[in-house]
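Where a number appears in this text, it was derived from the coordinates with a stated rule and is not lab data. Here the structure is a predicted model, which is why all the values come from computation and not from measurement. Ideal geometry is used to build each Cβ from the backbone, glycine not excepted, and the neighbour counts take in all protein chains shown.
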Amino acid sequence: MKLFIKIALMIQAIILLSIQSVVSCIKIILLYKRSSSLPPKQKSSCTVLGNGPSLKKTLEENFHFLLSSELFCVNSFVVSDYFLKLKPQNYILFDPVFFTEEGIKRENIKTVYESLIARTDWTIYLYVPMHAKKFTFFLDFIKQNTNIRAVYFNYIVLEGFTWFKNWAFRNNLGMMQSQTVIVSALFLTVNRGFEKIFLVGADTSWHEELRINNDNLLLLKETNFYNTESQSKNEIALIDPAKKNKITMAVQFMSMAKVFKGYEYLNAYAIKQHIKIYNASAKSYIDAFERVKL
């Protein structure tokens, strides 16, 4: 009886993986667009900088290490003074809010674009998902500073057999689900072939900053390494941008679970490519990567 159940579960898993692989192939056929060639690595190792509060400690204590590494920065890092001090070679914008008409009306989004134009006087590769090409504002932005070189990649979430996914990932046909920009950043560093990848400032501690008010509205305190003390007290209401309704605690934690699962998928892929990812964040809830101190 146990053997029968085991065989039945194996058959069920194979059927599910087969369906997922077929669906992924269809998604590639329908959604894939020729992506940019990834630039050659400039150094053997790289460091991905998350914007968590712990990055401040890393910047203060390990500044020279960061200078010796090829750097990848994300989202609003450009507003920090460290952008000019480190002069990162790579920058990634991933959140859909950066590529919508509603998004550019937000002061913080406009500031990122304006700061990138005004402050970048060295060559920097700006990685963005393929749908950024459809956004006129982004295309106009790229023309305003020739130091900023756009690198477009396909964000097509693929599932199915491991051998199929790894083949598709290596050929930049798609990637694992990325609930956070850090997953997409690490994916790109793996595909660029760095021998060692260090991750810092990836606190992933949003659950510590959640609060429910008397109207059952879920609030999140903004905590980034570049925020002032007054800014760190700001709270934003979590609203679904598509449905315009409030995000519940259950939905928020389900989303966070996908974040951590994404890191696990990413580490498994990196190991297959014989690449090592180290979590060197001063504080982090990520348990998918080996922890080290810089």
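Placing R0 at 35 angstrom, the Cβ-Cβ distance between Asn145 and Ile212 gives a FRET efficiency of 0.25 after rounding to 0.05. When the helices of the chain are scored as -39500 (n - 2.57) per DSSP H run of n ≥ 4 and the total is divided over every residue, the value at 222 nm lands at -12000 deg cm²/dmol. Between the listed residues Met176, Ile124, Asn62, the Cα displaced farthest toward the positive end of the dipole of the chain, a dipole computed from Cβ unit charges relative to the Cα centre, is found at Met176. What angle do you read, to the nearest 10 degrees and between 0 and 90, between the alpha-carbon axis of helix 181-191 and the longest principal axis of the chain? That works out to roughly 70 degrees. Taking a ≥ b ≥ c as the square roots of the eigenvalues of the alpha-carbon gyration tensor, region 104-220 is classed oblate because a/c is 1.5 or more while a/b is no larger than b/c. Here the spin labels are modelled as points 7 Å beyond Cα on the Cα-Cβ line, and at Gln42 and Ile15 they lie 5.3 nm apart. Both the radius of gyration and Dmax for region 249-294 are 12.3, 38 Å, in that order, over alpha-carbon atoms.
Too long at a 18 Å Cα-Cα cut-off: which of Lys33/Lys105; Lys221/Lys293; Lys56/Lys293? In this structure, Lys33/Lys105; Lys221/Lys293 lie more than 18 Å apart at Cα. Ranked by how many other Cβ atoms sit within 10 Å of their own Cβ, fewest first, the residues Glu107, Glu209 fall in the order Glu107, Glu209. Only aspartates and glutamates eight or more places from Lys283 in sequence, or on another chain, were considered; those with a Cα closer than 13 Å are Asp203, Glu208. Pairs spanning more than 21 Å between alpha-carbon atoms, out of Lys134/Lys258; Lys87/Lys272; Lys2/Lys258; Lys165/Lys261; Lys110/Lys258: Lys134/Lys258; Lys87/Lys272; Lys2/Lys258; Lys110/Lys258. Each of Gln273 and Leu219 was given a label point 7 Å from its Cα along the Cα-to-Cβ line. The distance between the two points is 4.2 nm.
So if we plug the beta-carbon distance of Thr111 and Asp240 into 1/(1 + (r/R0)^6) with R0 = 30 Å, what FRET efficiency do we get, rounded to 0.05?
Efficiency at R0 = 30 Å is approximately 0.80.
Taking all C-alpha pairs of region 1-127, those more than 25 Å from each other amount to 49 percent. The antiparallel fraction among DSSP beta bridges confined to the chain stands at about 20%.
Does anyone have the angle between helix 2-31 and the longest principal axis of the chain? Alpha-carbon axes, 0 to 90°, nearest 10? On a 0 to 90 degree scale, this one is about 50.
Structural descriptor for region 51-181: relative contact order 20 percent, calculated from alpha carbon pairs under 8 angstrom and at least 6 residues apart.
Compared with the dominant Cα axis of the chain, that is its longest principal axis, helix 249-272 is turned about 80°. Taking one quarter of the surface of the C-alpha convex hull of the chain gives a mean projected area of 17.9 nm².
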